[in-house]
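**Q** Encoded as structure tokens, here's the structure I'll be asking about.
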Amino acid sequence: MSTEQTFIAIKPDGVQRGLVGPIISRFENRGYKLVALKLVTPGVAHLEAHYADLKDKPFFPGLVKYMASGPIAAMVWEGKDAVKTGRTLLGATNPLASAPGTIRGDYAIDVGRNVCHGSDSVENAKKEIALWFKPEELNSYKSASYDWVYEN
Ligand code: GDP
Ligand code: MG
């Protein structure tokens, strides 16, 4: 089984709008295991590093300002195909193109206020987890529901 970890973050708008609980529930209800969780307000340098691939985009300054505007709920979720399925749970980057039933499709309208982040590849998930968490902040345990979520 390809057990993966993915970095999921509830952005400042999601925290301010009281969506921490509903967004966490999407991942819990699906069967994923919470490995790390903290509320943080990172500095601009940290956010520029997180979004380094987008530094030449015209929206980059606004994106960093948005992300630095309040606390972020940073999380690591683990399970089978967690990276790809995490992105599916989030929905399309532009919420207007996100299907109803996805997080962005249910809770957001503007691309610049799309309430959540999810790693887009296993490689980037590893980088993002290392950027946001110290190794000792990642919890290792067997979920009580494991044998009821997975066949093998
Ligand atoms: P994601 O992986 O789905 O979050 O999308 P990207 O990695 O392409 O972009 C990162 C974040 O930048 C998105 O989640 C949006 O918050 C923001 N973003 C992306 N494209 C645009 C855009 O065209 N305009 C604005 N204002 N923000 C954007
Ligand atoms: Mg991205």
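**Q** List the GluC sites (Glu not before Pro) within the range 74-152 that fall in a DSSP loop (any state other than H, G, I, E or B) and whose Cβ has at most 16 other Cβ atoms within 10 Å.
**A** GLU151
**Q** Could you order peptides 63-71, 142-150 by the average number of other Cβ atoms within 10 Å of their residues, highest first?
**A** Sorting 63-71, 142-150 by mean packing, highest first, produces 63-71, 142-150.
**Q** Please list, or write none, the lysines whose alpha carbon is within less than 16 Å of the alpha carbon of LYS33, excluding same-chain residues fewer than 8 places away.
**A** In chain and number order, the partners are LYS80, LYS84, LYS142.
**Q** Restricting to DSSP H runs of at least four residues, report the calculated mean residue ellipticity at 222 nm for the chain, -39500 (n - 2.57) per run over all residues, nearest 500 deg cm²/dmol.
**A** -10000 deg cm²/dmol
**Q** Which value, in Å² rounded to 10, gives the accessible area of LYS38 with a 1.4 Å probe and all protein chains present?
**A** 50
**Q** Of HIS46, HIS117, which has the most accessible area and how do the rest follow, probe 1.4 Å?
**A** The ranking, largest first, comes out as HIS46, HIS117.
**Q** A follow-up question, please. Quick one: order ASP110, ASP81, ASP53 from most to least accessible surface, probe 1.4 Å.
**A** ASP53, ASP110, ASP81
**Q** Taking Cα pairs under 8 Å and at least six residues apart, what relative contact order does the chain come out at, in percent?
**A** 35
**Q** Right, something else. What's the FRET efficiency of PHE60 with VAL40 using the Cβ-Cβ distance as r and R₀ = 25 Å, to the nearest 0.05?
**A** Using R0 = 25 Å, I get an efficiency of 0.75.
**Q** Which ³J(HN,Hα) values, rounded to whole Hz and listed in residue order, are derived for the range 107-123 from phi using the Karplus coefficients 6.51, -1.76 and 1.60 in 6.51 cos²θ - 1.76 cosθ + 1.60 with θ = phi - 60°, glycine and proline given as x?
**A** 10, 9, 10, 8, 4, x, 9, 9, 6, 8, 10, x, 4, 9, 7, 4, 5
**Q** Let me spell out the model: positive unit charges on the Cβ of Lys and Arg, negative unit charges on the Cβ of Asp and Glu, origin at the Cα centre of the chain. What dipole size does that give, in debye rounded to 20?
**A** That gives a dipole near 260 debye.
**Q** Let me ask you something else. Counting other Cβ atoms within 10 Å, keep those with at most 15, restrict to DSSP loop, and tell me which chymotrypsin sites (Phe, Trp or Tyr not before Pro) in the range 73-142 are left.
**A** Those that pass, being in a loop and sparsely packed, are TYR141.
**Q** Mind listing P(r) for the chain? All alpha-carbon pairs, 10 Å bins, whole percents.
**A** The calculated distribution, bin by bin, is 11, 42, 37, 9, 1.
**Q** Using a 7 Å offset from the Cα along the Cα-to-Cβ direction at both ASP53 and THR93, what is the distance between the two label points in nm, to one decimal?
**A** In this crude label model, ASP53 to THR93 measures out at 0.9 nm.
**Q** How many angstrom lie between the Cα centre of the range 61-79 and the Cα centre of the range 129-152?
**A** Computed from Cα coordinates, the inter-centre distance equals 21 Å.
**Q** Might you work out the accessible area of LEU39 for me, using a 1.4 Å probe with all protein chains in place, and round it to the nearest 10 Å²?
**A** It works out to around 110 Å².
**Q** Can you give the accessible area per residue of the chain, in Å², using a 1.4 Å probe?
**A** Spelled out: the 1.4 Å probe surface of the chain, per residue, equals 55 Å².
The values are calculated or read from the model by the stated rules, or taken from the named source; none is laboratory data. Since we're looking at a predicted model, the values are computed, not measured. Reconstructed Cβ throughout: ideal geometry from the backbone, glycine too, with neighbour counts over all protein chains shown. In case anyone asks, the SASA skips ligands and DNA or RNA and just uses the protein heavy atoms, side chains included. Shrake-Rupley method; radii C 1.70, N 1.55, O 1.52, S 1.80 Å.
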